[in-house]
Amino acid sequence: MTSKRTTVLAGHSTTNATLFHRCRFLVGDSSVAIDFADGTSTYLVRDIEIDRARKAVQADQINCAADFIPKGGLSGDRDTALAQATAECLRQAGESIITVDRSLPYLYAHFIQEAGISIHYSADFGVLNRRIKDAQEIEHLRVAQKITGEAVTHACRTIAHATPDKKGILHHDGAALTSERLRAMITAFLLERNFSNSHDSIVATAPHVADCHHYGTGPLKTELPTIVDIFPMDNATRYNGDMTRTVVNGTASDEALRMHTAVCEAKAAGCISLKPGTTGEEVHLATTAVLKEHGFALARGDSEHDTKHPFMSHGTGHGIGLEVHEPILLDHGGSEIFKNELFTVEPGLYSSTLGGCRVEDMVLVNSSGHEILSPLYEGLDWKD
């Protein structure tokens with residue numbers, strides 16, 4: 001047996017996306033997937049979940065902790081007992097070294113090593129096979145992005161049709177339209193479609209939008225661009241959508257229009273460069289080159305920049321799937337891109353006084369280049 005190839009995934013499938021990807025089985029307690037070097041596999045789960053697991057999980061054996069009791073017995077703590085049983089299962093199989101991914105809880109590492117089994121960490125295990133999506137995953141993401149686009153449309157139209165008061169504060173259905181209120185409306189819209197919005201949504205304008213990941217707070221105002229970024233999970237499949245648009249209630253300023261033109265052109269350049277064999281860094285450089293041509297600044301990390309002047313402070317995008325943010329990044333150091341990977345492409349510009357502009361789509365890398373999933377209107381005026 002080439003035991004170095006035996007792999008172990010462990011944790012909660014509700015939060016460990018790699019474990020869920022391997023088993024496609026949701027369970028509230030810990031579980032373990034062991035894929036042995038000889039091609040056989042064992043799935044360990046709580047005893048009351050065995051019948052469900054046998055119907056859902058592709059594994060040669062479905063067992064519980066009591067099937068692998070070590071010499072000293074099992075702990076009364078459920079998670080500890082499963083970690084002990086995992087180590088005993090590996091010991092009985094004659095394993096001397098296993099491969100694990102970045103998500104293995106230390107609890108498991110402790111008992112596996114205590115059993116005399118070495119652990120080899122692989123940076124690629126649990127990453128490469130999730131990066132390249134199969135046809136079913138692509139369809140799940142297509143559905144997730146479609147509903148996300150509907151939520152974005154709902155939010156942007158709500159802003160566009162709101163009524164400003166004498167101070168320019170927007171009102172909807174008799175009350176001020178705040179970032180918090182619109183986020184609640186977005187969450188309700190998604191819940192009705194069986195989508196979770198556990199990360200919440202971004203509804204941000206000046207001054208908070210100068211921090212590109214600020215969720216936004218307080219009343220929204222007319223004639224200032226507002227960024228709407230929604231990234232929910234489809235509860236039926238656990239795959240995520242991610243889309244951003246920018247909306248202006250009333251008349252957009254010349255500077256907002258200039259920012260918007262630059263961002264849309266930068267996104268188009270990023271999409272065109274997104275193809276098999278190129279790199280995440282090359283895609284990022286393609287988008288930022290356009291922003292530079294339009295005279296906008298790039299400011300990352302601790303670099304000093306006057307936030308009144310529009311700037312971009314982040315990478316071009318990221319992988320997406322069972323998690324909103326997955327490897328690889330479309331950014332400096334971004335590695336080779338493969339066919340059937342999916343990314344967000346989302347250049348943006350931000351100003352504490354002028355507001356911000358970001359336009360984001362989910363993009364599939366295919367043999368001919370790219371496909372934008374669920375394309376949506378990109379303009380600033382959402383009244384129609």
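The values are calculated or read from the model by the stated rules, or taken from the named source; none is laboratory data. Because the structure is a prediction, the values reported are computed rather than measured. All Cβ positions, even for glycine, are placed from backbone atoms using ideal geometry, and neighbour counts span all protein chains on display.
Key figures
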quantity: Output for region 139-195, where each listed residue is part of a helix (DSSP H, G or I) and either β-branched (Val, Ile, Thr) or outside the structural domain of Thr237 (by TED's automatic domain parsing) (or both); calculated: Val143, Ile147, Thr148, Val152, Thr153, Thr158, Ile159, Ile186, Thr187
quantity: Enumeration of residues in region 59-84 that are touching a residue at least 24 places away in the same chain (Cβ under 8 Å) and in a loop (DSSP other than H, G, I, E, B); calculated: Ala59, Phe68, Pro70
quantity: Meets criteria (under 19 Å from Gly379 (Cβ atoms) and in contact with a Pro (Cβ under 8 Å, 6 or more places away or on another chain)) for Ala151; calculated: yes
quantity: Filtered residues of region 324-347 (kept if surrounded by fewer than 20 Cβ atoms within 10 Å (Cβ to Cβ) and free of Cβ contacts under 8 Å to residues at least 60 places away in the same chain); calculated: His325, Asp331, His332, Gly333, Ser335, Glu336
quantity: Qualifying residue in region 116-136 (condition: under 30 Å from Ile337 (Cα atoms), among the basic types (Lys, Arg) and in a loop (DSSP other than H, G, I, E, B)); calculated: yes
quantity: Among the residues listed as Ala33, Ala37, Ala10, the single one being aliphatic (A, V, I, L, M), closer than 20 Å to Glu95 by Cβ, assigned to a loop (DSSP other than H, G, I, E, B) and modelled with pLDDT of 95 or more; calculated: Ala37
quantity: Residue list for region 22-37, restricted to those being in contact with a strand residue (DSSP E or B) (Cβ under 7 Å, 6 or more places away or on another chain) and either under 20 Å from Ile48 (Cβ atoms) or outside the structural domain of Asn63 (by TED's automatic domain parsing) (or both); calculated: Cys23, Ser30, Ser31, Val32, Ala33
quantity: Filter pass, Arg193 being in contact (Cβ under 8 Å) with a residue 12 or more places away in the chain, surrounded by fewer than 19 Cβ atoms within 10 Å (Cβ to Cβ) and among the basic types (Lys, Arg); calculated: yes
quantity: Residue list for region 352-372, restricted to those being in contact with a helix residue (DSSP H, G or I) (Cβ under 8 Å, 6 or more places away or on another chain) and either surrounded by fewer than 22 Cβ atoms within 10 Å (Cβ to Cβ) or not hydrophobic (A, V, I, L, M, F, W, C) (or both); calculated: Ser352, Gly355, Gly356, Arg358, Glu360, Asp361, Leu364, Gly369, His370, Ile372
quantity: Restricting region 277-299 to residues that are part of a helix (DSSP H, G or I) and farther than 24 Å from Glu336 by Cα, the residue that is nearest to the chain's Cα centre (by Cα); calculated: Lys292
quantity: Any hit, region 335-351, residues being in contact with a helix residue (DSSP H, G or I) (Cβ under 7 Å, 6 or more places away or on another chain), polar (S, T, N, Q), on the phi < 0 side of the Ramachandran plot and in a strand (DSSP E or B); calculated: yes
quantity: Residue in region 209-217 that is crowded, with 19+ Cβ neighbours inside 10 Å and of a type in the set (Phe, Trp, Tyr) present; calculated: no
quantity: Answer from Ala59, Ala93, Ala66 - the residue that is of a type in the set (A, V, I, L, M, F, W, C), within 24 Å of Thr15 (Cβ to Cβ) and in contact with a helix residue (DSSP H, G or I) (Cβ under 9 Å, 6 or more places away or on another chain); calculated: Ala59
quantity: Check on Arg52, under 30 Å from the mean Cα position of the chain (by Cα), charged (D, E, K, R), surrounded by fewer than 20 Cβ atoms within 10 Å (Cβ to Cβ) and over 23 Å from Gly126 (Cβ atoms); calculated: yes
quantity: Residue pairs meeting the criteria (Cβ under 9 Å; at least 6 apart or on separate chains; first closer than 16 Å to Ala252 by Cβ, in region 148-163; second surrounded by fewer than 24 Cβ atoms within 10 Å (Cβ to Cβ) and of a type in the set (Val, Ile, Thr)); calculated: Ala162/Thr222
quantity: Long-range neighbours under 6 Å by Cβ, at least six apart or interchain, first residue closer than 12 Å to Ile227 by Cα and in contact (Cβ under 8 Å) with a residue 40 or more places away in the chain within region 348-374, second in a strand (DSSP E or B) and hydroxyl-bearing (Ser, Thr, Tyr); calculated: Gly356/Tyr350; Cys357/Thr246; Arg358/Thr244; Glu360/Thr244; Glu360/Thr344
